[in-house]
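Some notes on the structure that comes next.
The values are calculated or read from the model by the stated rules, or taken from the named source; none is laboratory data. Quantities reported herein were computed from a predicted structural model and do not represent experimental measurements. Cβ atoms come from the backbone with ideal geometry, glycine included; neighbour counts cover every protein chain shown.
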Amino acid sequence: MRSARPSTSRPSGGSAKPCAASATRRAWAADSRSRRRGAAATGDDGGEAGSTTPSCPTAQRTRGGADGRRAGGVGRGLACPAVAWSGHLGVLRERPYRLLFAGQAVSLFGDAMVDVALAFAVIKLGASPAQLGLVFTARSIAMVAALLAGGVLADRLDRRAILVACDLVRLAAQGALAAALIAGHPAIWVLAALSAVTGAATGVFNPTSTGFLPSVVSAEGLQPANALRGLSASAGRMAGPVLSGVLVATVGAGWALAADAATFALSAAFLGRIPAIARTGPAAATSYLADLREGWQAFRSRTWLWAFVAWASFSNMLFGCWTVVGPLTAERDLGGAAAWGAILGASGVGGLIGGVLALRLRPQRPLVFSVLAFAIFFLPLALLALGLPVVPVAAGALVGEIGLVLTITVWESTLQRHVAPAVLSRVSAYDWFGSLAFQPLGLALWGPVAATIGYHGALWVAFVGHLAGVAVILTVRDVRRLPPVPRPTPG
């Protein structure tokens, strides 16, 4: 699920004792051995990311030495729960996660500036709605096209090195885009081409990042880590669009995009300081297609996974209406870039609230919870379609963003718990690919649709279509019944 789980056996506060008693460690070892059997080929639920990490730093180091590896097991790198430290913020005690979090935080802040800056850069060049859709579509198609290759690479190679390389590529592409806008009036195809380069690097980055996180935090720390990432993204979405709107209105869109390029440099610097982590992929050399097939088998064998992703794909196609028609409506009815930046900034406030709530949530039916939370995400489309002023639309964006952050946090943690580390990046790539497969179509479609039936008519079609999709996905039995953590495998 891309735009994009917990259990009663865990303490209600979500914390774990950093040093368990020996009986607990023996129980963990027995459970880990039983879960690992038969999991390598398909990534069976018994071999989920959470089952391979001890709950104690001492236990981890005595089992695997200084690098955190265990003979015969799946390397978990430098992971340590530390969740008891300051409650749910314990993951920040671990240096590898702090560096990852810092890199993500600055990069996500820059990302939040892009939609405002790029949209109004294209509009100021005198582009039509269809041309605006083309620029966003180029970025989206390139990202989707690179996802599966990114998943295979991430399960084969050093994930940290891949993340750094992707940041450097995006630094170069966004820097060139900024320079072109600052220097003059580039052709629309230039903006589309450079946006496509950034999109392709993002397509490799995303599944790599999903697979990398469980190697720097424990199973107990996954949901807090995902929630903190959501908090940083929300803070960026709150401040980034506002700053971008101000920069666009004062010095121009090129400088806003230059600031985004700088954040990729900072992100690469933070990621490069994370110590080397043991690989989790298969030791035997296999072909690219064989790796893809293995990831596909792990993906399609779970009805809850492919059904949820198919629904997310439909919703993301509909949400292209907000990306394309939203700024056009703001330009015509609400005053332009500053108003649109304020609306997106309000959504960042909602994301902060959602991130705080996600630190403590322990839904017993995580996917039902995610569906219902995502149902409210489209609320601002209806408010914009009603022709309301900035304040109520911004309030709707705030509420909708709460739902989105809760959905993504619970979904990410569920995926990381139910899928084995050795295939996690590939399964995540299929998740990303499936979720975003129709997003380029949506971005290309909504400009002409809006030109035909009007901005408000297009927004209403997207909103009603999303509600219909919510009703359909809740009919899927496996979606309704998936538990927060995998059930132990007998044997």
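Considering only the stretch 288-299, I want to know if a residue exists there that is at pLDDT below 85, farther than 24 Å from V349 by Cα and not in a helix (DSSP H, G or I).
No, every residue in the stretch 288-299 fails to be at pLDDT below 85, farther than 24 Å from V349 by Cα and not in a helix (DSSP H, G or I).
Being farther than 30 Å from L157 by Cα, out of contact with any Asp or Glu (no Cβ under 7 Å at 6 or more places or on another chain), assigned to a helix (DSSP H, G or I) and among the hydroxyl-bearing types (S, T, Y), is that true of even one residue in the stretch 370-384?
Scanning the stretch 370-384, I find at least one residue that is farther than 30 Å from L157 by Cα, out of contact with any Asp or Glu (no Cβ under 7 Å at 6 or more places or on another chain), assigned to a helix (DSSP H, G or I) and among the hydroxyl-bearing types (S, T, Y), so the answer is yes.
With (1) at pLDDT below 85; (2) touching a Gly at 6+ places or on another chain (Cβ under 8 Å); (3) over 30 Å from M238 (Cβ atoms) as the list, and P490 as the residue in question, which single condition is left unmet?
The single condition P490 does not satisfy is (2).
Condition (residue is touching a Lys or Arg at 6+ places or on another chain (Cβ under 7 Å) and not small (G, A, S)) applied to the stretch 232-249: is it met by at least one residue?
No, every residue in the stretch 232-249 fails to be touching a Lys or Arg at 6+ places or on another chain (Cβ under 7 Å) and not small (G, A, S).
Quick check on this structure: which one of L92, L100 is assigned to a helix (DSSP H, G or I) and at pLDDT below 80?
Step by step, each of L92, L100 is checked, and only L92 is assigned to a helix (DSSP H, G or I) and at pLDDT below 80.
Can you report the number of residues in the stretch 326-366 which are in a helix (DSSP H, G or I) and either over 23 Å from G447 (Cβ atoms) or among the small types (G, A, S) (or both)?
Residues that pass the stated criteria total 22.
May I ask you to say which residue of V449, V405, V461 is of a type outside the set (S, T, Y), within 26 Å of A142 (Cα to Cα), at pLDDT 90 or above and in a helix (DSSP H, G or I)?
The unique qualifying residue is V449.
Kindly provide the set of residues from the stretch 90-129 that are over 22 Å from G240 (Cα atoms), buried (at least 24 other Cβ atoms within 10 Å of the Cβ) and of a type in the set (S, T, Y), ordered by number.
Scanning the stretch 90-129 gives a single hit, Y97.
Among the residues of the stretch 409-428, is there at least one that is surrounded by 24 or more Cβ atoms within 10 Å (Cβ to Cβ), closer than 17 Å to I353 by Cα and out of contact with any Ser or Thr (no Cβ under 7 Å at 6 or more places or on another chain)?
Taking every residue of the stretch 409-428 in turn, at least one turns out to be surrounded by 24 or more Cβ atoms within 10 Å (Cβ to Cβ), closer than 17 Å to I353 by Cα and out of contact with any Ser or Thr (no Cβ under 7 Å at 6 or more places or on another chain).
If only one of L372, L386, L443 is crowded, with 24+ Cβ neighbours inside 10 Å and not acidic (D, E), which one is it?
L443
Which one of A249, A253 is farther than 16 Å from D167 by Cβ, modelled with pLDDT under 85 and in contact with a Leu (Cβ under 7 Å, 6 or more places away or on another chain)?
So the residue among A249, A253 that is farther than 16 Å from D167 by Cβ, modelled with pLDDT under 85 and in contact with a Leu (Cβ under 7 Å, 6 or more places away or on another chain) is A253.
Could you give every pair whose Cβ atoms fall below 7 Å, whose first residue belongs to the stretch 195-224 and is closer than 22 Å to A179 by Cβ, and whose second residue is among the hydroxyl-bearing types (S, T, Y), counting only separations of at least 6 or pairs across chains?
G199/S140
Yes/no per residue for (1) modelled with pLDDT under 80; (2) touching a Gly at 6+ places or on another chain (Cβ under 7 Å); (3) on the phi > 0 side of the Ramachandran plot; (4) among the aromatic types (F, W, Y):
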{"site": "A165", "(1), (2), (3), (4)": "no, no, no, no"}
{"site": "A172", "(1), (2), (3), (4)": "no, no, no, no"}
{"site": "I182", "(1), (2), (3), (4)": "no, yes, no, no"}
{"site": "L194", "(1), (2), (3), (4)": "no, no, no, no"}
{"site": "A201", "(1), (2), (3), (4)": "no, no, no, no"}
{"site": "A219", "(1), (2), (3), (4)": "yes, yes, no, no"}
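Give the residues of the stretch 446-491 that are surrounded by 14 or more Cβ atoms within 10 Å (Cβ to Cβ) and charged (D, E, K, R), sorted by residue number.
D478, R480
Which count do you get for residues in the stretch 408-441 that are assigned to a helix (DSSP H, G or I) and closer than 17 Å to G203 by Cβ?
Adding up the residues that qualify gives 16.
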